[in-house]
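For reference, the structure discussed in these notes is given below.
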Amino acid sequence: MNTQTTSSSKRSAARTALETAGIYAVAATLLVAGVLASPDFLTAENLLSILSGVALLGMVACGMAFITYSGNMADLSLPTTMAFSGIIAVASLSLGIVPALLLGVLAGLAIGAMNGLVVGKLNANPILWTLAVAFFMEGFMRFTWSNNQLYPEIEPGTPGAAFIGIFRLRTGPVPLIVLVMLALFAVAHLVMTRTRFGRESRLVGSSRAAARSSGIRVSRVVFFNFLAAAFAASVAGIFLTSMNKLGVFYLGQGYDFKAVTAVVIGGVMLSGGRGHIPGVFGGVLVIGLLTNIMTFLGITAFRQNIVTGLVFIAVVGFQQYQLRARGKDYA
Amino acid sequence: MEAVSKRYPGTLAVDRVDLGVNAGEVHALMGENGAGKSTLMKILSGTFNDYDGLIRIGGQTVTLHSPAEAKEHGVGMVHQELSLARPISIAENVLAGRLPANRWGLIQRKALFEEARQWLEYVGLALDPRKAVGEISPHEAQLVEIAKVLSNKPCILVLDEPTSSLSREETARLFDIIRDLKRRGLAIVYISHHLPEVFEIADRVTVLRDGRNMGTLSIAEATPQKLVQMMAGQTIDEFYAARHPEIGDTVLRAVHLTRRAYFHDVSFALRRGETLGLAGLSGSGRTELARSLCGLDPLHYGTVALHGGIIQPGDYARAVSKGLVYLTEDRKADGLFLRLPVSQNLVAALTARHSTMGLCRPAKDAAVAQRLFTTLHVVAPSPEVDAGTLSGGNQQKVLLAKWLATKPHVLILDEPTRGVDVTAKRQIHEAILGLTAQGTAVLLISSDLPELVGMSDRVLVMRQGRLIGEMQRQELSEEAVLLAANGHYAFRTPDTVTSNTGRGAVRPAASLQEQGRP
Ligand SMILES: Nc1ncnc2c1ncn2[C@@H]1O[C@H](COP(=O)(O)OP(=O)(O)OP(=O)(O)O)[C@@H](O)[C@H]1O
Ligand SMILES: [Mg+2]
């Protein structure tokens, strides 16, 4: 009995490993391609710069994964959540650096809480609702700060200078943002695999109706998923604001789509309930490598977007094909 | 069909089966859960493009690699798991693919609804075809599905457990239709686990076991014993043991429950270790009552008390944590997580119990899942396959096991043995008896009258949203319950309902008319 038990959990672990292996194989291929493209590619310096290049995306993707996993597809208000957190942090720098950071994160959480309530309790369509919130928040930020950009003071010793510094902090050669991203991924992985919340998110993502009639508090689960996403996005948003040395409504634009791409190529099904965090990390790496190689090859940012879009389409198409090939007519 | 096979990853579901069905014949297909009946018929209806073997229709060899091809060759199939589009109107579902359009390609709504109404009438449904399918109940959806297939005018008709959600009247009506179609020369394949139905309607019977054809009998040579022997390899009689329940104190008390347009002023009490049957025609409000009682659906008036504590209306999660649980009648819509492994379905209701301080305990989950998987004899390669790959009856076992594992105080069962074979039914009944012996109180809703009569200690009868009376164990018989459900039974003890609840007089059968049917 006991041996059967372990063998069955081993089997599912093996399945997980196999599903994740795919994305890492792609990452490895890209590494090789990168080496072929440029001899400077495989230096520690470049690899670290790839990691810092994807750190902010990684954080957002980590949060977005919760949304997709719990069957809510995507939170399109994450870019404005990033911008809003940054603006609030900059605007409250006069209170000191720590309160400013806390307030920034709280501002982001407020948006997440609202989304979570509306989607969880009132059953709003997550895509439409978060799209509307993004639209509203952009207008709100423009109106409130009347199109002005917020520059923190940069005299040394002021909270403003400290704020600008956080993006540039490093421990040894490793930037703080890379460490924060890795920490977020680690925590997210534990939450999804080891906690009741992770379990329930999976059930809700697989079938909201069945989860409800299994006695799970669906609205609460959805609420915390949106909160988690908003938390990750506001941390990323604060770093982004620090990097740009200004808080403004358009920071964060484009992160929503890239994050969903990373999540989906990392093997999280858009229909919910399937996938895992290590895969998402792989997806983020692949996007980072792809971008880096294209930059090495001198491809402009706009063209890079085209490639990212094509990758997304290809992956979603492939997932659908796989489902059909496996005969999942019930899915 | 000659030497037809179909392999799923890990299972050879249909193994070189020969099957011949004549025009003007009703051919029953029987076999245990997972025997391959649905798969065999899905091949015929063009679900797979990778089956082996030969199919001939009207002497002509055909390849059926898509539903469209099958339709072209006149095959129409009513699937076991319904496949209607829920947000769309009934009419559009029925006539999907052939919507009447005018010269400019615009849908002619009047013609659409008129034609749909005629088909609904033919299957005996008085529903507004403009209603969305998501709003109707499973038995109505089943009939809509049949109407949809018939509207394609098939020459081969496959019915996969069509009666599992139908009431007696609806079944009788369906049989009239089948006889009519037979006279018109259709070849009909009829899948069912109900022996009496098969003897009533079929001309020949073919039995499948483990994907293989065990033989075909004409109905004249078949006997129930013979068929069960062929299906199970042993004989099992449908037989309910004499009940000696130890009935204790009141566990659940429902007082004046009302949900407008569904049920009205229902009061009753349920005692420890007791199995209380709930009888009534389809549409009498039994399912609605059960769902509101446990908090899945709204309750407009009245209170539910469990062990003296009030159950908050509309808070099902709380009810579950207190041990009041409901087994849904519609496993596809809100029962199973079809895309998750069986093991996770089995422990889905235990996430709260199997976690300490927010952390889950995978080892415990796995152990419980494995135990349930074996005790309920779920037929599947392993607990790690997706629940959606299981045969209908095995899905039902998984659904039931999910709730048995929670050891509830009150278990509401809504059609617990739908689509389940004779052996599995026996196992499920034993599992229920085991629970009641440990003190669980069961509220049983079942349109399977032998089951309702055989399993219940008392039966409450509902009609048009009202409780009209109560029958004691010694009064119970299939005929009596049927009469009572139709409002033609003189209850010997009409007051017991009232005295049981203490308060809340239940009005007798006289005042039925005022309540409009939902
Ligand atoms: N999509 C699928 N993927 C993998 N295996 C499947 C799939 N569908 C069915 N099977 C397997 O094929 C076998 C036959 O299933 P089938 O649905 O034909 O049984 P059935 O005779 O209709 O049973 P029931 O009476 O329970 O409806 C079962 O062992 C089942 O687990
Ligand atoms: Mg079947």
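The values are calculated or read from the model by the stated rules, or taken from the named source; none is laboratory data. Just so it is clear, the structure is predicted and the values come from calculations on it, not from any experiment. No Cβ is skipped: glycine too gets one built from the backbone with ideal geometry, and neighbour counts run over all protein chains shown. Ligands, DNA and RNA are stripped out before the accessible areas are found, and what is left, the full protein with its side chains, is counted by its heavy atoms. Shrake-Rupley method; radii C 1.70, N 1.55, O 1.52, S 1.80 Å.
Overview of results
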item: Cβ-derived FRET efficiency at R0 51 Å, B:Ala437 paired with A:Leu106, nearest 0.05; result: 0.40
item: Apportionment of accessible area to carbon and sulfur, the range B:272-380, percent (1.4 Å); result: 56
item: Max mean-square fluctuation residue, GNM over chain A, Cα-Cα springs under 10 Å, options A:Leu310, A:Leu290, A:Leu51; result: A:Leu310
item: Kirkwood Rh, angstrom, the range B:14-76 [1 / mean 1/r, Cα pairs]; result: 12.5
item: Rounded to whole Å, sorted largest first: equivalent-ellipsoid semi-axes of the protein assembly as shown, Cα gyration tensor; result: 53, 34, 26
item: Estimated dipole of chain A in Debye, rounded to 20 [Cβ of Lys and Arg +1, of Asp and Glu -1, Cα centre]; result: 1260
item: Distance in nm between pseudo-label sites at A:Glu155 and A:Asn46 (7 Å out along the Cβ direction from Cα); result: 4.4
item: Surface/4 of the Cα convex hull for the range B:338-405, nm²; result: 4.1
item: Summed residue charge, Cβ within 10 Å of A:Ala134's Cβ, Lys/Arg positive, Asp/Glu negative; result: -3
item: Among B:Phe199, B:Ile156, B:Ser38 - extreme Cα towards positive end, dipole of the range B:2-232, charges at beta-carbon; result: B:Ile156
item: Set of aspartates and glutamates near B:Lys332 by C-alpha distance (under 16 Å), chain-local residues within fewer than 8 positions excluded; result: A:Asp329, B:Glu81, B:Glu135, B:Glu140, B:Glu145, B:Asp160, B:Glu161, B:Asp386, B:Asp414, B:Glu415
item: B versus A: buried accessible surface, summed, Å² (probe 1.4 Å, to nearest 100); result: 3200
item: Taking the range B:338-405 and dividing mean pair separation by its residue count, relative contact order in percent (alpha carbons under 8 Å, at least six apart); result: 51
item: Compactness relative to 2.2 N^0.38 Å, alpha carbon Rg of chain A; result: 1.02
item: Length added when fully stretched, A:Val35-A:Ala183, from 0.36 nm per residue minus Cα-Cα; result: 50.4 nm
item: Highest-MSF residue in chain A out of A:Phe167, A:Phe136, A:Phe224 [GNM, Cα springs under 10 Å]; result: A:Phe136
item: Relative contact order (%) - chain A, alpha-carbon pairs under 8 angstrom, separation at least six; result: 32
item: Largest-first ordering by accessible area, 1.4 Å probe, given options B:Trp119, B:Trp403; result: B:Trp119, B:Trp403
item: Debye, to nearest 20: dipole size of the protein assembly as shown, +1 on Lys, Arg Cβ, -1 on Asp, Glu Cβ; result: 1220
item: Relative contact order, percent, chain B [alpha-carbon distance under 8 Å, six or more residues apart]; result: 16
item: Ellipsoid equivalent to chain B - semi-axes via the Cα gyration tensor, in Å; result: 38, 28, 23
item: Residue-count net charge about A:Asn305 - beta-carbon cut-off 14 Å; Lys, Arg +1, Asp, Glu -1; result: +1
item: Cα shape, the range B:2-232, gyration tensor, a/c 1.5 rule; result: prolate
item: Distance-filtered residues of the range A:277-298 - backbone nitrogen under 17 Å, label point 7 angstrom along A:Ala25 Cα→Cβ; result: A:279-280, A:282-283, A:286
item: Lys, Arg +1 and Asp, Glu -1 on Cβ, resulting dipole of the range B:406-455 about Cα centre, debye, nearest 20; result: 160
item: Residue with peak Gaussian network fluctuation, chain A [Cα springs, cutoff 10 Å], from A:Ala100, A:Ala259, A:Ala21; result: A:Ala21
item: Positive dipole terminus of the range A:57-189, leading residue within A:Phe167, A:Leu93, A:Met73 (C-beta point charges); result: A:Met73
item: Accessible area in square angstrom per residue, the protein assembly as shown, 1.4 angstrom probe; result: 42
item: 222 nm mean residue ellipticity, helices alone, for the protein assembly as shown (DSSP H n ≥ 4; -39,500 (n - 2.57); rounded to 500); result: -15500 deg cm²/dmol
item: Pairwise FRET efficiency - B:Asp52 versus B:Ala111, Cβ, R0 = 41 Å, nearest 0.05; result: 0.40
item: Charge-dipole axis of the protein assembly as shown as Lys and Arg at +1 and Asp and Glu at -1 on Cβ define it, positive-most pick from B:His377, B:Ile310, B:Asn345; result: B:Ile310
